[in-house]
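Contents: one structure, followed by commentary.
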Amino acid sequence: MPIAFRPRLPRRARARRAAVVAPAAERTHPQIERLSYEGLEWIHIEQPGPLERAWLAEHYDFHALDLEDVMSRNQRPKIDEYPEYLFIVLHFPVFDKQVGRLNAGELDLFVGPDYVITLPNQPLKPVEYLFERCRTSEETREQFFSKGPGYLLYQIIDQSFDYCFPMLRKIGNKLEQLEEEIFSGRSEEVVRDISNVKQEIINFRKTIRPERTVLRDLERTKQRYMREDMEVYFDDIVDASERIWDMLENYKEVVEALEDTNESVLSHRVNDVLRVLTSISVIVLPLTFLASLWGMNVGVPGEQSIAAFWIIVGVMVAMLAGMVGYFRHRGWL
């Protein structure tokens, strides 16, 4: 598998794509991007709206339910197999800067004998980056298109899964930082941070879990659009998804252990405070008893005597020192 990287579009390409992709309500023409090589065409439609759906219905004989699924934003990952094409729905984690959490970005794909159509419901950086590479480099276009739609599909999915690994490394770094902060005396401040990381892991797991079944189904149907035996490539995608899942399982256990550890540290700190307060109460108790005894409104030995007052004070100080020394000897203070 290629080394995971953080794709970044060239500045001109980013500016051009920002100008091209307008909100669906403001479009007057369908926003379609197309690349072709040796009879294979890659059509990229970002955030499809009614105009793009009408264009697909006009140019391709796709099932109406598939077109409806493209417009829907609540589809589970799946693969529908038809005699003429495959319809695939995949989800990939996308970091939402507005809320500061991971959400699922949906990628719909139509795969036919001479075309691949990608329809992300929001910008997916690995797909954008791969499309731009194919647009700007004829050598890359030849490399990815010459082996048929199956290989191009593999590249799109593989690049999208590769993009998950930098996100996982960031989560791992957060967990290491949280562990250091817990034992550096900031256990009360990191409770919210632990909750945020735990939510990221949960969202990541919710995104990846349904993919595993879809990828196995895709591995079964991939040969329809392969010009040569490429079983090892799709095995690589399944392996990547399993690696991601294993890392998420590990992170889930780590964050739960950190949460338990943090609660133990907080509980231990509270116990220390209660132990000190309890020790102080026990130490002061006999002193309070003596003061109450000689403060009664009845006749007591040494009444109206200055010497008796200092004797009682001395006894109280001795008792205080003795009890503090005893408590320290027992490790209670």
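The values are calculated or read from the model by the stated rules, or taken from the named source; none is laboratory data. Here the structure is a predicted model, which is why all the values come from computation and not from measurement. We place every Cβ from the backbone using ideal geometry, glycine too, and count neighbours over all the protein chains shown. These accessible areas exclude ligands, DNA and RNA; they are computed on the full protein's heavy atoms, side chains included. Shrake-Rupley method; radii C 1.70, N 1.55, O 1.52, S 1.80 Å.
Can you compute the FRET efficiency between Trp245 and Asp272 using 1/(1 + (r/R0)^6), with r the Cβ-Cβ distance and R0 = 45 Å? Round to the nearest 0.05. Before the final figure, lay out the partial values.
Details: r = 41 Å, r/R0 = 0.90.
For Trp245 and Asp272, the calculated efficiency is 0.65.
Could you pull the accessible area for Val270 with a 1.4 Å probe, rounded to 10 Å²?
Spelled out: Val270, probe radius 1.4 Å, area about 80 Å².
Take Ser264, project a point 7 Å from its Cα along the Cβ direction, then tell me which residues of segment 160-185 have their backbone nitrogen under 20 Å from it.
175-185
With a point put 7 Å past each Cα toward its Cβ, work out how far Glu58 is from Phe95 in nm, to one decimal.
4.0
How would Asp114, Asp162 rank on accessible area, largest to smallest, probe 1.4 Å?
Asp114, Asp162
Which ³J(HN,Hα) values in Hz, rounded to whole numbers, follow from the phi angles of segment 159-164 under the Karplus curve 6.51 cos²θ - 1.76 cosθ + 1.60, where θ = phi - 60° and Gly and Pro get x?
For segment 159-164, the Karplus curve yields 4, 5, 6, 4, 5, 6 Hz.
Sorted by packing (mean other beta-carbon atoms within 10 Å per residue), highest first, where do 252-265, 148-161, 304-317, 54-67 land? Please report the intermediate quantities before stating the final value.
Numbers: 252-265: 15.6, 148-161: 22.9, 304-317: 11.6, 54-67: 14.1.
Highest to lowest by the protection proxy: 148-161, 252-265, 54-67, 304-317.
What order, most packed first, do the peptides 126-138, 173-185 have when packing is the mean number of other Cβ atoms within 10 Å of each residue?
On the way: 126-138: 18.7, 173-185: 14.4.
Packing order, densest peptide first, comes out as 126-138, 173-185.
Once you put a point 7 Å from the Cα of Arg192 and another 7 Å from the Cα of Thr213, both along the Cβ direction, what distance in nm separates them?
If labels sit at Arg192 and Thr213, their model points lie 3.8 nm apart.
Can you tell me which lysines have their Cα less than 21 Å from the Cα of Lys174? Leave out same-chain residues fewer than eight positions away.
Lys97, Lys198, Lys206, Lys252
Could you rank Tyr115, Tyr233 by how accessible they are, 1.4 Å probe, largest area first?
Numbers: Tyr115 25, Tyr233 70 Å².
So the residues, ranked largest to smallest area, are Tyr233, Tyr115.
Can you tell me which aspartates and glutamates have their Cα less than 14 Å from the Cα of Lys147? Leave out same-chain residues fewer than eight positions away.
Straight-line reach from Lys147, under 14 Å: Glu38, Glu41, Asp114, Glu139, Glu228, Asp229, Glu231.
If I ignore ligands, DNA and RNA and count only protein heavy atoms, how much of His268 is accessible to a 1.4 Å probe, in Å² to the nearest 10?
Approximately 110 Å² for this residue.
Show me the GluC sites (Glu not before Pro) within segment 68-107 that DSSP assigns to loop and that have at most 11 other Cβ atoms within 10 Å of their Cβ.
On the way: sites: Glu68, Glu81, Glu84, Glu106; in loops: Glu84.
Within segment 68-107, the qualifying GluC sites (Glu not before Pro) (loop, at most 11 other Cβ atoms within 10 Å) are Glu84.
What distance in nm separates the two pseudo spin-label positions at Leu285 and Glu81, each 7 Å out from Cα along the beta-carbon direction?
Output for this residue pair reads 7.8 nm.
Would you please give the residues with an amide H less than 5 Å from that of Asp96, counting only those at least 5 places away or on a separate chain, with H modeled from the backbone geometry?
Result for Asp96 returns Arg101, Leu102, Asn103.
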